[in-house]
Structure formats: C-alpha cells, structure tokens
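Here the structure is laid out as structure tokens; the discussion comes afterwards.
The values are calculated or read from the model by the stated rules, or taken from the named source; none is laboratory data. The model shown is predicted, which means the values in this text are computed figures rather than measured ones. Every residue, glycine as well, gets a Cβ built from its backbone with ideal geometry; the counts of neighbours run over all protein chains shown. SASA here: full protein model, heavy atoms, side chains in, ligands and nucleic acids out. Shrake-Rupley method; radii C 1.70, N 1.55, O 1.52, S 1.80 Å.
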Amino acid sequence: MPDCIFCKISAGELGTEFLYEDEDLVIFKDINPKAVTHLLAVPKKHIASIAEMEDSHTHLIGKLFLACKKIADKLGLKGYNLHVNVGKEGGQEIFHIHVHLLSKFSQN
Ligand code: 5GP
Ligand code: ZN
C-alpha cells in the first residue's frame with residue numbers, strides 16, 4: 001500500500017465525512033474548494049492517474065462518473081463541471097485518481 005492520502009481518506013482512516021460511499025468509491029468535500037460546491041470522487045482502489053488506467057478499470061471509472069451524477073442529483077445541483085487533472089504537467093497534485101465535481105450552485 002503506497003503512502004497515499006486518498007487511500008487513507010477512502011478507507012475511512014481519517015474520519016472524513018462522505019457524501020456518498022459504496023463498495024468501490026467515496027465522495028467527499030475538497031479541503032480547498034475552488035467553487036461553491038467542490039467535491040472529489042475517489043475510488044477505494046489505488047490507481048495513480050488516468051495515465052495509469054488499464055482496460056480492467058473500465059467499470060470502476062464508469063462508476064466514478066455515475067456516482068458524480070447521482071450525488072449532483074441528490075444535492076439538486078442545476079449544473080456542474082467534472083474535471084480530471086492528468087499528470088504533473090496536467091496539474092495533478094494527488095497521485096490517486098479523482099474526479100473533481102465543481103458547481104457554482106450550492107449543495108443545498
Ligand atoms: P489535483 O490537483 O491532484 O487534481 O487535485 C487534488 C485536490 O485534492 C485539490 O483540489 C486539493 O485541494 C484536494 N486535497 C488535497 N489534500 C486533501 C485532503 O487531505 N483532504 C481533502 N478533502 N482534499 C484534499
Ligand atoms: Zn491511493
């Protein structure tokens with residue numbers, strides 16, 4: 001197991017509040033929000049980056065995006081952006097795959 005903050009968060013080791021959780025992934029608030037609503041969808045399995053994706057991850061990546069849609073519906077967000085940074089040069093800072101869910105609408 002790599003020393004990875006998102007592995008620890010998704011395993012529930014840091015007591016992070018999850019807005020969504022299933023057997024494969026969690027969604028929680030970004031610690032440094034860049035929009036009114038800024039959530040991160042994170043698989044429990046450690047995959048460093050989209051750049052490391054393999055065919056066997058197809059279902060998991062699909063679930064990650066579907067979970068973003070489900071939480072956006074649940075929160076009543078009228079519109080939102082899904083964003084993935086890939087690689088250091090692509091702005092990725094945490095090397096454990098995550099989808100940013102950003103919205104100018106609030107979570108209520
Ligand atoms: P990246 O640049 O890798 O796509 O985005 C990493 C995101 O993770 C950033 O938006 C940053 O604010 C967020 N982040 C980094 N460390 C933590 C943390 O410990 N907890 C939470 N909730 N978010 C974090
Ligand atoms: Zn990890």
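Here are a few things to note about the model shown:
- Close Lys pairs in segment 5-103, defined as Cα atoms under 17 Å apart and 8 or more places apart or on different chains, number 12.
- Fraction of accessible area attributable to carbon and sulfur, the chain (%, probe 1.4 Å): 53 percent
- Where a label projected 7 Å from the Cα of E52 along Cα→Cβ would reach, residues of segment 10-42 with amide N under 16 Å: 10-11, 42
- Each of A41, G87, L101 was placed along the dipole of segment 7-108 (beta-carbon charges, centred on the mean Cα), and the one lying farthest toward the positive end is L101.
- Between segment 50-75 and segment 76-91, the alpha-carbon center distance in angstrom: 12 Å
- In a fully extended conformation the segment linking F65 and V36 would gain 8.5 nm over its present Cα-Cα distance, using 0.36 nm per residue.
- Cβ-derived FRET efficiency at R0 25 Å, K78 paired with D3, nearest 0.05: 0.05
- Highest-fluctuation residue, D24, D73, D55 considered, GNM on the chain with Cα pairs under 10 Å: D55
- Computed over protein heavy atoms with a 1.4 Å probe, the accessible surface of the chain works out to 59 Å² per residue.
- Sorting 60-67, 13-20 by their mean Cβ neighbour count within 10 Å, with the most densely packed peptide first, gives 60-67, 13-20.
- Partnerless Cys - the chain, beta-carbon criterion under 4.7 Å: C68
- Cα long-axis angle, helix 58-75 against the chain (0 to 90 degrees, to the nearest 10): 20 degrees
- Coordinate range along principal axes, alpha carbons of the chain, Å, largest first: 36, 30, 27
- Residues K88 and E13, FRET efficiency given R0 of 30 Å [Cβ-Cβ distance, rounded to 0.05]: 0.70
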